[in-house]
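Okay, so here's the structure we're looking at.
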Amino acid sequence: METELLNTDLLHNAQSWVVNNQELIIRYTVNMAAALLTLIIGFIAVGMLTGGINKVLKARKVDSTISEFVTSLLKYGLLAFVIIAALGRVGVQTASFVAVVGAAGLAIGLALQGSLSNFAAGVLLIGFRFFKAGDYIEAGGTAGTVHSVQIFTTILMTADNRMIVVPNSKVLNDRIVNYSKESTRRLDLVIGVSYNADLKLTKEVLSRILDEDPRVLKDPAYRVAVNELGASSVDFIVRPWVKSEDYWTLKFDLLEKIKNELDANNIGIPFPQMDVHLIKQDQA
């Protein structure tokens, strides 16, 4: 009986509180619904807006490293604005919230100086355009094809399809070698022949090989010359100019053809040897 009376009192008190605070409940319910709706619509709008901007940048043939960096930066900035707007709908004082976020951001910034330096380095990399997506570069102690420049990192893909993530600050603070920046490259080969070889014939053979390959550019002209009289060989330099995309295939093909042609013309290619001399001593 006492339990039933207690439950009745609790129910009566709850009903009284609901009736007395009906306006407050309705207001907070509406505000919560509005905040949730703001988040949903805001997130959808941000996704559509950044996606549209990315498509426009691609349609205008803007380099993907720039378009991805800009859209990522814009996306996170707009999402932060949507979250603050939703909190304002709930009743949170956004001015105080922004001040608190600013103070927290300062403290976090001091703790995450490395990340901020990576962000700043990313802005500089995009601004100065040292490389673009698709370029083969050497930077940050590694080498690979540029996939994208993110807010904090640069993504490289190696020839064997490995992904390498390099912090932007490391890329910027280290030397950057861009092998794809120019349309042409010079291929540098050193070919050693024996001292017994006919140097004139050797030069003619090497020059003929270059003349017969259509991938070797006529301008600038190639260079074939004796570079050094080494310890066991006469070293020729073979320096043709080639389109950047033909660099590696031409190098591999030339090395194979040079070996075959030198063999066909009886021009020896020396290799390291060791002569051992035995001295016999008389027994005492």
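The values are calculated or read from the model by the stated rules, or taken from the named source; none is laboratory data. Quick caveat: nothing in here was measured; it's all calculated off a predicted structure. We place every Cβ from the backbone using ideal geometry, glycine too, and count neighbours over all the protein chains shown.
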Practice task
For the range 183-205, enumerate the residues that are in contact (Cβ under 8 Å) with a residue 12 or more places away in the chain, of a type in the set (Asp, Glu) and surrounded by 13 or more Cβ atoms within 10 Å (Cβ to Cβ).
Solution key: Asp198
Practice task
Would you mind finding the one in Leu124, Leu57 that is surrounded by 16 or more Cβ atoms within 10 Å (Cβ to Cβ) and either modelled with pLDDT under 75 or within 30 Å of Glu182 (Cβ to Cβ) (or both)?
Solution key: Leu57
Exercise for the section: Quick one: Ser180 ticks every box in (1) buried (at least 19 other Cβ atoms within 10 Å of the Cβ); (2) closer than 27 Å to Glu138 by Cβ; (3) touching a helix residue (DSSP H, G or I) at 6+ places or on another chain (Cβ under 7 Å) except a single one, so which number is it? Expected result: (1)
